[in-house]
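Chemist: One structure is given below, represented as structure tokens, and several questions about it will come after.
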Amino acid sequence: DPQAAELWRAIYADLSSPRPGLVGAILGRAEPQVMRLACLYAQTAEPEKAAQHLARAIELNREHLARAKQQPEFDPWREDARFPRGL
């Protein structure tokens with residue numbers, strides 16, 4: 001769905017924007033939360049959602065690719081074409 005994809009991009013771009021005060025402290029960890037969502041979806045046999053969240057997490061922070069390589073939650077999906085190469 002192109003409309004959903006566009007909304008998704010807008011939301012993820014906002015995740016890495018710094019915010020002041022308590023809200024900033026709470027939301028400042030948004031990027032790692034995206035990675036956690038990818039792991040959760042991988043465990044619940046929802047590879048499409050897992051791949052989307054993982055791709056966005058890596059887009060936000062390339063270090064997530066290195067972390068994903070070590071996450072056992074992704075083991076069943078490493079050869080799946082929807083997931084990043086080299087996972």
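The values are calculated or read from the model by the stated rules, or taken from the named source; none is laboratory data. Keep in mind it's a predicted model, so treat the numbers as computed, not measured. We place every Cβ from the backbone using ideal geometry, glycine too, and count neighbours over all the protein chains shown. When the accessible area is computed, the model is the full protein with side chains, heavy atoms only, and any ligands, DNA or RNA have been set aside. Shrake-Rupley method; radii C 1.70, N 1.55, O 1.52, S 1.80 Å.
Chemist: Being open to solvent by less than 50 Å² (accessible area, probe 1.4 Å), in a helix (DSSP H, G or I) and within 20 Å of ALA10 (Cβ to Cβ) is the filter here, so list the residues in the range 39-79 that pass it.
Modeler: ALA51, HIS53, LEU54, ALA55, ARG56, ALA57, ILE58, LEU60, HIS64
Chemist: Can we say LEU22 is in contact with a Phe, Trp or Tyr (Cβ under 7 Å, 6 or more places away or on another chain), surrounded by fewer than 18 Cβ atoms within 10 Å (Cβ to Cβ) and modelled with pLDDT under 80?
Modeler: No: the conditions fail for LEU22.
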